[in-house]
Each structure stands twice: as C-alpha cells, then as structure tokens.
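First up is the structure itself, then whatever we jot down about it.
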Amino acid sequence: MSRVTISSGLSELRGGHSVSNVTVARCLAEMGYTLQANVKTREGPRHPDRDAQFRCLNRQLKSFRRTGDPVISVDSKKKELVGASKNGAGGGCRKKAG
C-alpha cells in the first residue's frame, strides 16, 4: 500500500480533513516502518520427472492421431500466484495405481 493510498484513506476516515502523504511517511517512519519494494522470488526446482510429463502427453497425442481425433498445441506461461491464492487444479496425466 502506498503512502498516497494511505493518506487518501485517512482523509476519508477523518471526515474530509486532508492528510498529506508526507505526513503519513513521517508518522510511519516514527513508528519504525520502512518502504518495502515488491521482490520477485525464484520459482521452485524443476519437476523431478519433467520428461515423464512430456512422454505422457506424447502418448496421448499418438492415441488421438490414431483414432483421427484432433490435436491442438497450446503454449502457456506459468501463472503467478497473487497473495495467498493457490491453484489446486491437477493435470491430465496420472500415474497408474499399484
């Protein structure tokens, strides 16, 4: 949250009395707060069995082609999670049980 956003919010709470972002910065500094920049983190390690994922997809592709079903290729980027959000969706290739 920026100092400008905080000052705007405080101005609304104080019944229309303005609070400058400079005052917000001074008050935050007096309370021991510092400006923090967003930092991107490195993604986790590569999937340990990445080649197996591609082999699974290749098997499916060959199966679809044998039966005359259409095959499409989609290239996508990994989604970046925002805040506490988490995508729990699974993929289409599963290991056989047992």
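The values are calculated or read from the model by the stated rules, or taken from the named source; none is laboratory data. Because the structure is a prediction, the values reported are computed rather than measured. Cβ placement follows ideal geometry from the backbone for every residue including glycine, while neighbour counts extend to all protein chains displayed.
Here are a few things to note about the model shown:
- Single condition PHE54 does not satisfy, out of (1) within 29 Å of the chain's Cα centre (by Cα); (2) assigned to a loop (DSSP other than H, G, I, E, B): (2)
- Region 1-21: number of residues that are assigned to a loop (DSSP other than H, G, I, E, B) and acidic (Asp, Glu): 0
- Number of positions in region 1-46 that are hydroxyl-bearing (Ser, Thr, Tyr), over 30 Å from LYS77 (Cβ atoms) and either at pLDDT 85 or above or surrounded by 10 or more Cβ atoms within 10 Å (Cβ to Cβ) (or both): 7
- A search for C-beta distances below 7 Å between a residue of region 1-15 that is of a type in the set (Gly, Ala, Ser) and any residue that is surrounded by 10 or more Cβ atoms within 10 Å (Cβ to Cβ), counting only pairs 6+ apart in sequence or on different chains, returns SER7/VAL19; SER7/SER20; SER7/ASN21; SER7/VAL24; SER11/SER18; SER11/VAL19.
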